[in-house]
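**Student:** To start, I am sharing the structure in question, which I have written as structure tokens.
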Amino acid sequence: MKRTESSWYSPSLQKDMPVVRYGDYGFALLLIPTAAADYLEYERFQLIDSLRPFIEGGKLNVFSVNSINNESWLNNEMLGEHKAIRQNQFNKYVFDEVIPFIKTTTSADTPVITCGASFGALHSMNLFLKRPDIINGVIAMSGVYDLTAYTKGFYDEQVYFNSPIHYLPNLSDEWYVQHIKKSTHIHLLSGSGEHEDPSAVTQLSQLLNRLDISHELSIWGPEWKHDWPTWRAMLPYYIEHRW
């Protein structure tokens with residue numbers, strides 16, 4: 001399996017940001033790390049190995065970026081306002097730097113699907129909903145889509161605009177709604193075992209239904225916990241059966 005690391009100084013984040021790519025061909029799967037993890041997390045926990053047949057077979061190539069959660073919502077020494085600013089800088093980094101990088105290293109018409117587990121699921125969903133014109137879909141695993149679960153009581157306009165559970169009920173801009181509806185790959189996945197919260201993904205699904213946005217909701221059984229064995233099983237299954 002071909003593996004390539006790249007890095008550049010991000011104008012959006014004012015720091016060097018590494019990216020790792022696995023494979024050469026197929027649609028682009030953009031992985032957003034869980035919690036405070038880095039761009040190699042999915043490799044360390046063997047999720048990349050679980051995707052190896054699809055990467056080597058040319059069905060997809062995978063890009064994984066660094067998290068900045070330690071510089072935002074998980075930084076207990078930081079003011080809430082500053083955490084929100086950092087979150088928006090991360091969004092800008094993905095939209096203005098990572099997506100163009102993917103298009104340049106693949107092709108202009110390569111579909112990009114965001115994907116993440118746990119906190120990465122919230123980020124991947126939020127990124128897709130904000131820019132459905134340049135991101136073509138999302139696979140969100142074991143997520144909670146209410147950002148206030150991570151903000152330790154802080155709430156302002158920027159938390160609202162990065163929290164799908166808050167802004168989707170008021171989404172009336174037809175530009176966004178119609179672009180989101182164009183996607184045939186909105187997958188909301190959860191186990192129902194230890195530390196999973198299937199009610200969170202069900203709530204998000206209900207909001208999408210109110211907007212008549214087609215999507216797939218799949219809740220696995222109680223044997224599927226909030227942990228890597230679940231995600232190593234889920235993601236390859238959907239890559240195999242939905243593409």
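**Student:** I'm checking my understanding of the structure. Among residues of region 64-86 that are among the polar types (S, T, N, Q) and at pLDDT 95 or above, which one is nearest to I102 (Cα to Cα)? Please lay out each step first, then the result.
**Tutor:** From region 64-86, those among the polar types (S, T, N, Q) are 64, 66-67, 69-70, 72, 75-76; that's our starting set.
Next, from what is left, pick out any that are at pLDDT 95 or above: 64, 66.
Numbers: S64: 11, N66: 15 Å.
Selected residue: S64.
Yes or no, residue by residue, for (1) surrounded by fewer than 18 Cβ atoms within 10 Å (Cβ to Cβ); (2) modelled with pLDDT of 95 or more; (3) not in a strand (DSSP E or B):
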site: P18; (1), (2), (3): yes, yes, no
site: D49; (1), (2), (3): yes, yes, yes
site: G58; (1), (2), (3): yes, yes, yes
site: V62; (1), (2), (3): no, yes, no
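**Student:** Pick from region 190-208 the residues that are more than 16 Å from L122 (Cα to Cα) and in contact with a helix residue (DSSP H, G or I) (Cβ under 9 Å, 6 or more places away or on another chain): which of them is surrounded by the most Cβ atoms within 10 Å (Cβ to Cβ)?
**Tutor:** The extreme case among them is G193.
**Student:** Of everything in region 78-107, what is assigned to a loop (DSSP other than H, G, I, E, B) and of a type in the set (S, T, Y)? Give them in sequence order.
**Tutor:** To start, the set of residues in region 78-107 that are assigned to a loop (DSSP other than H, G, I, E, B) comprises 78-79, 106-107.
Once the filter is applied, which keeps residues that are assigned to a loop (DSSP other than H, G, I, E, B) and of a type in the set (S, T, Y), region 78-107 yields T106, S107.
**Student:** Is one or more of the residues making up region 160-180 touching a strand residue (DSSP E or B) at 6+ places or on another chain (Cβ under 9 Å) and either surrounded by fewer than 18 Cβ atoms within 10 Å (Cβ to Cβ) or closer than 24 Å to L60 by Cβ (or both)?
**Tutor:** From region 160-180, those touching a strand residue (DSSP E or B) at 6+ places or on another chain (Cβ under 9 Å) are 180; that's our starting set.
Next, only the ones that are either surrounded by fewer than 18 Cβ atoms within 10 Å (Cβ to Cβ) or closer than 24 Å to L60 by Cβ (or both) stay: 180.
Yes, there is a match, as at least one residue in region 160-180 is touching a strand residue (DSSP E or B) at 6+ places or on another chain (Cβ under 9 Å) and either surrounded by fewer than 18 Cβ atoms within 10 Å (Cβ to Cβ) or closer than 24 Å to L60 by Cβ (or both).
**Student:** For region 64-77, give me each residue that is crowded, with 16+ Cβ neighbours inside 10 Å and in a loop (DSSP other than H, G, I, E, B).
**Tutor:** In the first step, residues of region 64-77 are kept if they are crowded, with 16+ Cβ neighbours inside 10 Å; the result is 64-69, 71-74.
Those that are crowded, with 16+ Cβ neighbours inside 10 Å and in a loop (DSSP other than H, G, I, E, B): N66, S67, I68, S72, W73, L74.
**Student:** How do the pairs read when you match residues in region 35-59 that are closer than 16 Å to G120 by Cα with residues anywhere that are modelled with pLDDT under 95 and part of a helix (DSSP H, G or I), using Cβ under 8 Å and keeping only pairs 6 or more apart or on different chains?
**Tutor:** That search, which allows pairs on different chains as well, returns A35/N69; A36/N69; A36/N70.
**Student:** As an exercise: evaluate D133 against (1) surrounded by fewer than 17 Cβ atoms within 10 Å (Cβ to Cβ); (2) of a type in the set (D, E); (3) farther than 28 Å from D96 by Cβ and give the number of the one condition it does not meet.
**Tutor:** Going through the list (1) surrounded by fewer than 17 Cβ atoms within 10 Å (Cβ to Cβ); (2) of a type in the set (D, E); (3) farther than 28 Å from D96 by Cβ, D133 breaks only (3).
**Student:** Taking S218 as the residue in question, decide whether it is part of a loop (DSSP other than H, G, I, E, B) and hydroxyl-bearing (S, T, Y). Even if it seems obvious, please write down each step before you answer.
**Tutor:** Values: part of a loop (DSSP other than H, G, I, E, B): no; hydroxyl-bearing (S, T, Y): yes.
No.
**Student:** Ok, one more. Which residue is nearest to the chain's Cα centre (by Cα), if the candidates are limited to region 60-105 and must be of a type in the set (K, R) and under 22 Å from A121 (Cα atoms)?
**Tutor:** First, pick out the residues of region 60-105 that are of a type in the set (K, R): 83, 86, 92, 103.
Next, only the ones that are under 22 Å from A121 (Cα atoms) stay: 83, 86, 92.
Working: K83: 19, R86: 17, K92: 14 Å.
Step by step, filter region 60-105, then rank; the result is K92.
**Student:** To continue, here is another question. Hey, any hits in region 61-81 for a residue that's over 21 Å from Q158 (Cα atoms) and in contact with a Gly (Cβ under 7 Å, 6 or more places away or on another chain)?
**Tutor:** Of region 61-81, the ones over 21 Å from Q158 (Cα atoms) are 61-66.
Checking which are in contact with a Gly (Cβ under 7 Å, 6 or more places away or on another chain) leaves us with 61-62.
Looking through region 61-81, at least one residue is over 21 Å from Q158 (Cα atoms) and in contact with a Gly (Cβ under 7 Å, 6 or more places away or on another chain).
**Student:** Give me the pairs: first residue in region 166-185 and hydrophobic (A, V, I, L, M, F, W, C), second residue in a helix (DSSP H, G or I), beta-carbon distance under 7 Å, and six or more apart or on different chains, which are they?
**Tutor:** L168/L207; L171/V177; I180/L129
**Student:** Find the residue count for region 115-136, including only residues that are closer than 21 Å to P198 by Cβ and either of a type in the set (K, R) or within 10 Å of the chain's Cα centre (by Cα) (or both).
**Tutor:** Within region 115-136, the subset closer than 21 Å to P198 by Cβ is 115-126, 128-129.
Next cut, either of a type in the set (K, R) or within 10 Å of the chain's Cα centre (by Cα) (or both) only: 115-126, 128.
Adding up the residues that qualify gives 13.
**Student:** Can you name the residue in region 209-243 that is closer than 30 Å to E174 by Cβ and small (G, A, S) and is also surrounded by the fewest Cβ atoms within 10 Å (Cβ to Cβ) among such residues? Don't jump to the end; show me each part of the working.
**Tutor:** Let us first name the residues in region 209-243 that are closer than 30 Å to E174 by Cβ, namely 209-218, 238, 242-243.
Retained after the next criterion (residues that are small (G, A, S)): 214, 218.
Details: S214: 12, S218: 15.
Among residues in region 209-243 that are closer than 30 Å to E174 by Cβ and small (G, A, S), the one surrounded by the fewest Cβ atoms within 10 Å (Cβ to Cβ) is S214.
The values are calculated or read from the model by the stated rules, or taken from the named source; none is laboratory data. Treat the numbers as computed from the prediction; the structure is a model and nothing was measured. Backbone-built Cβ (ideal geometry, glycine too); neighbour counts: all protein chains shown.
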